[in-house]
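The values are calculated or read from the model by the stated rules, or taken from the named source; none is laboratory data. Since the model is a prediction, treat every value here as computed from it, not as a measurement. Here the Cβ positions follow ideal geometry from the backbone for every residue, glycine too, while neighbour counts run over all protein chains shown. Protein only, heavy atoms only, side chains kept; ligands, DNA and RNA dropped before computing areas. Shrake-Rupley method; radii C 1.70, N 1.55, O 1.52, S 1.80 Å.
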Amino acid sequence: CDDGLVLVLLQPPLTRIGDFTGDVEAGYRRTVAALPGLAERLRGAELVGPVRSATDIESYFRHSSGPGWALAGDAGHFKDPVTAQGIRDALRYGRLLGEAVHETLDDAGALDQATRRWERGRDRDCLETYQWTNQLARGEPMSALEIELYRAAAADPDVARELTDVFSRVCRPGEVATLRRAVVLGARALRTTGAPWQVTRAAGRDALTTAANWLVRTRARA
């Protein structure tokens, strides 16, 4: 952040919610201490702002346009902060909203059509990233396939760049999580874990999630 400040976001498992309903700062400090790498990076740092907590976060799309009005930013669409997309989308679609309506402000009918087109475009653009964010926000242990993907990224700068490009919205999650890559990662996971049932179960769930997400996107486009 500005002025040499660092924002530290912790997202512990839901089972630890009790640690953050009383003395939030104490729970925060215990969590930092339990992560040696993070604790080392923060060694000597001073906590200068209050610790804030957010629970019961629910991601959503809302109807975001109507007669003479539109909802930009989190008011119309919210994703869990695990993928850090909120500010990006608020700025981008706020700008696109202005571009969409600036020539129609004196024509109520044209204005409403423009805001509806803007809303549909936002939904199409954000839906796949929304689904990917929901998967990461489950707060569950990483599957065998996820572990192999991050191992691959640690060993191969090209894979690491692809993952970063998903967060930067340069490419879609589906362009990185391809079927071919899933097969390769599954084979590696089988060799690494020696637990075929665990790998098969993870692959099966990922396949069902991918299929369900694809169906939702197809219906949204229609």
Filter the GluC sites (Glu not before Pro) in region 21-102 down to the DSSP loop ones having no more than 10 other Cβ atoms within 10 Å, then list what survives. E46, E58
Share of region 82-179's accessible area from carbon and sulfur, percent, 1.4 Å? 55 percent
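What does the charge count near C1 come to, summing +1 for each Lys or Arg and -1 for each Asp or Glu among other residues with Cβ under 15 Å from its Cβ?
Values: positive: R41, R52; negative: D2, D3, E46.
Net charge around C1: -1.
Working with all protein chains in place, sort H63, H102 by solvent-accessible area computed with a 1.4 Å probe, largest first.
Values: H63 160, H102 110 Å².
From most exposed to least exposed: H63, H102.
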Accessible-area value, V199, 1.4 Å probe, nucleic acids and ligands omitted, Å²: 10 Å²
So what is the accessible area of the chain per residue, in Å², with the probe set to 1.4 Å? 67 Å²
If DNA, RNA and ligands are ignored and the probe is 1.4 Å, what is the ranking of C171, C126 by accessible area, most exposed first? C171, C126
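Within region 114-152, list the trypsin sites (Lys or Arg not before Pro) lying in a DSSP loop whose Cβ has at most 12 other Cβ atoms in a 10 Å radius. Before the final figure, lay out each step's value.
Working: sites: R116, R117, R120, R122, R124, R138, R151; in loops: R138.
Answer by residue number: R138.
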The correct ranking of D2, D107, D19 by accessible area at 1.4 Å, largest first, is D2, D107, D19
Place +1 on the Cβ of every Lys and Arg and -1 on the Cβ of every Asp and Glu in the chain, take the dipole about the Cα centre, and give the residue among A90, V32, P13 whose Cα lies farthest towards its positive end. P13
